[in-house]
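Beneath this line is the structure, given in structure tokens, with notes to follow.
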Amino acid sequence: MDLFDYMREQNKEKESPLASRLRPTTLDEVVGQEHIIGKDKMLYRAIKADKISSIIFYGPPGTGKTTLAMVIANTTKGEFRQINATSAGKKDMEEVVEAAKHTLGAYGKKTILFIDEIHRFNKGQQDYLLPFVEDGTIILIGATTENPYFEVNGALLSRSVIFELKSLTKENVKTLLLRAVHDKEKGMGAYNAEIAEDALEFLSDMANGDARSALTAIELGILTTEPAEDGKIHITLDVASECIQKRVVKYDKSGDNHYDTVSAFIKSLRGSDPDAAVYYLARMLYAGEDVKFIARRLMISASEDVGNADPMAMLIASAAAQEVERVGMPESQIILSQAATYIATAPKSNSSYNAIAAAMSAVKSTQTDPIPVHLQDAHYKSAGKLGHGVGYKYAHDYKNHYVKQQYLPDSLVGTKFYEPTDIGYEEQIRNHMNRIINEAE
């Protein structure tokens with residue numbers, strides 16, 4: 001490295017974002033994630049002993065996946081290489097593998113390959129790594145914000161240890177913010193700044209467990225606030241609120257957090273908890289979820305979980321789906337809230353769901369018997385010669401517009417698929433059916 005390279009690296013370090021400058025280089029500097037890097041934990045001991053195997057770090061943004069990889073880089077005596085799956089391709093991996101083979105053969109040193117956002121690699125790219133992970137040419141460290149069981153090759157997963165990183169606690173974020181304000185070597189200590197307690201509380205809460213967003217906010221606050229008469233930069237609550245205009249909700253519309261939120265929304269509707277249903281609705285709306293997608297979920301819930309216990313739920317959900325397309329946001333949130341609270345508070349029945357599930361199972365698992373002859377189509381010429389429609393009883397000619405006759409195929413006679421409950425409107429359905437059957441001729 002010549003003088004110009006050295007100066008470029010020094011300036012790069014000075015100009016890099018605060019979150020990057022404060023990134024820990026040793027395990028003892030890491031804040032949070034005690035469940036996997038506590039001093040009695042396997043990962044802590046493995047990193048300290050430089051004996052790690054292939055691992056996958058999985059967790060929300062800003063929780064320390066890359067940080068832990070960098071700690072390993074600073075700890076290992078082996079070769080450490082890093083690529084990002086958003087920009088790297090197979091050629092980049094081939095170069096790493098060739099270099100790893102040489103390093104292992106010539107010096108007996110292992111190579112650790114850190115792949116950030118590994119879920120961005122397609123199946124073919126992930127498959128390429130498999131034999132080299134398996135024979136020990138490389139030790140893989142993958143980082144992903146997506147559930148690896150959905151996004152990472154199963155063969156790679158079976159050869160890796162998966163560590164789930166949790167969102168940082170509010171106290172963790174406070175610790176990092178104070179370190180950022182007062183650390184004179186890596187942080188903003190040279191600016192002579194102070195942060196008010198209420199501002200500290202606010203930023204650590206609004207960061208929502210994402211250290212990067214909290215550090216970005218405090219850096220912006222310090223750099224854009226003029227010193228007061230006492231010569232200090234005071235980060236007040238007003239300054240803090242200006243630095244974070246809107247809470248960053250952890251919600252990726254293509255990721256598993258998306259499915260977790262939708263799942264919680266549906267289960268809250270089913271569980272008759274309108275408060276929880278509206279809360280998860282708000283989280284989806286706040287994160288920019290497509291209102292048409294939400295409306296579709298409401299229609300499904302109205303049928304699956306409410307059904308004939310309150311047939312109006314289906315009409316309201318259907319009307320909401322039409323209205324949100326015509327109205328748009330932000331007013332659509334009111335429409336969706338009305339539909340969600342109606343469905344959540346409506347009497348519940350899954351009898352319709354159970355009926356079609358049982359009927360589909362019967363169709364799949366039993367032989368397809370002929371339709372009873374008297375039910376077969378008799379509208380075409382010569383149908384009578386085949387006996388089609390002969391003996392059919394027209395229900396409207398009988399009392400209560402009901403007559404006893406066989407409708408199911410022979411092998412299924414007596415089978416019950418739909419069993420109305422005694423809840424809501426289904427109680428009326430059940431009573432009606434019992435009455436007309438009992439009064440039938």
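The values are calculated or read from the model by the stated rules, or taken from the named source; none is laboratory data. Just so it is clear, the model here is predicted, and its values are computed rather than measured. No Cβ is skipped: glycine too gets one built from the backbone with ideal geometry, and neighbour counts run over all protein chains shown.
Could you list all residues from region 52-69 that are of a type outside the set (Gly, Ala, Ser), more than 11 Å from LEU165 (Cβ to Cβ) and modelled with pLDDT of 90 or more? Steps first, answer last, please.
So in region 52-69, the residues of a type outside the set (Gly, Ala, Ser) come out as 52, 55-58, 60-61, 63, 65-68.
Now drop any that are not more than 11 Å from LEU165 (Cβ to Cβ), which leaves 52, 55.
Result: ILE55, single match.
Considering only region 423-435, I want to know if a residue exists there that is in the same structural domain as LEU375 (by TED's automatic domain parsing) and not in a helix (DSSP H, G or I).
Scanning region 423-435, I find at least one residue that is in the same structural domain as LEU375 (by TED's automatic domain parsing) and not in a helix (DSSP H, G or I), so the answer is yes.
Evaluate region 413-422: report whether one residue or more is in a helix (DSSP H, G or I) and either of a type outside the set (S, T, N, Q) or under 15 Å from ASN350 (Cβ atoms) (or both).
The answer is no; no qualifying residue exists.
Residue check, LYS232 against (1) modelled with pLDDT under 95; (2) out of contact with any Asp or Glu (no Cβ under 8 Å at 6 or more places or on another chain), all met but one. Which one?
The number of the failed condition is (2).
Is it the case that some residue within region 142-154 is closer than 21 Å to ASP238 by Cα and either in contact with a helix residue (DSSP H, G or I) (Cβ under 9 Å, 6 or more places away or on another chain) or not acidic (Asp, Glu) (or both)? Spell out how you get there, then give the answer.
First pass over region 142-154, keeping only residues closer than 21 Å to ASP238 by Cα: none.
Looking for residues that are closer than 21 Å to ASP238 by Cα and either in contact with a helix residue (DSSP H, G or I) (Cβ under 9 Å, 6 or more places away or on another chain) or not acidic (Asp, Glu) (or both), one finds none in region 142-154, hence no.
Looking only at region 303-337, which residues are under 26 Å from ASP422 (Cα atoms), assigned to a helix (DSSP H, G or I) and more than 23 Å from the chain's Cα centre (by Cα)?
SER303, VAL306, GLY307, ASN308, ALA309, MET312, ALA313, MET314, LEU315, ILE316, ALA317, SER318
Look through ILE343, ILE356 and report the one residue that is among the aliphatic types (A, V, I, L, M), surrounded by fewer than 15 Cβ atoms within 10 Å (Cβ to Cβ) and at pLDDT 90 or above.
Only one candidate passes the filter, namely ILE356.
Which residues, taken from region 201-221, are of a type outside the set (Phe, Trp, Tyr), surrounded by fewer than 24 Cβ atoms within 10 Å (Cβ to Cβ) and more than 20 Å from THR63 (Cβ to Cβ)?
Within region 201-221, GLU201, LEU220 qualify.
Quick one: what pairs do we get from region 260-289, first residue free of Cβ contacts under 8 Å to residues at least 40 places away in the same chain, second assigned to a helix (DSSP H, G or I) and charged (D, E, K, R), C-beta under 6 Å, 6+ apart or different chains?
That search, which allows pairs on different chains as well, returns THR261/ARG283.
This table checks each residue for (1) over 23 Å from ALA355 (Cβ atoms); (2) buried (at least 22 other Cβ atoms within 10 Å of the Cβ); (3) in the same structural domain as ASN431 (by TED's automatic domain parsing).
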| residue | (1), (2), (3) |
| --- | --- |
| ASP273 | yes, no, no |
| VAL278 | yes, no, no |
| TYR286 | yes, no, no |
| LYS292 | yes, no, no |
| LEU298 | no, yes, no |
| SER303 | no, no, no |
| GLN322 | yes, no, no |
| SER332 | yes, no, no |
| ALA339 | yes, yes, no |
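Here's the yes/no breakdown for (1) surrounded by 18 or more Cβ atoms within 10 Å (Cβ to Cβ); (2) part of a helix (DSSP H, G or I):
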| site | (1), (2) |
| --- | --- |
| VAL97 | yes, yes |
| GLY105 | no, yes |
| ILE112 | yes, no |
| GLN126 | yes, yes |
| PHE132 | yes, yes |
| GLY142 | yes, no |
| GLU171 | no, yes |
| GLY187 | yes, no |
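How do the pairs read when you match residues in region 189-201 that are on the phi > 0 side of the Ramachandran plot and in the same structural domain as ALA214 (by TED's automatic domain parsing) with residues anywhere that are at pLDDT 90 or above and not aliphatic (A, V, I, L, M), using Cβ under 6 Å and keeping only pairs 6 or more apart or on different chains?
ASN192/LYS232
Collect the residues in region 189-214 that are part of a helix (DSSP H, G or I) and not aliphatic (A, V, I, L, M), keeping them in residue-number order.
Within region 189-214, GLY189, TYR191, GLU197, ASP198, GLU201, PHE202, SER204, ASP205, ARG212, SER213 meet the criteria.
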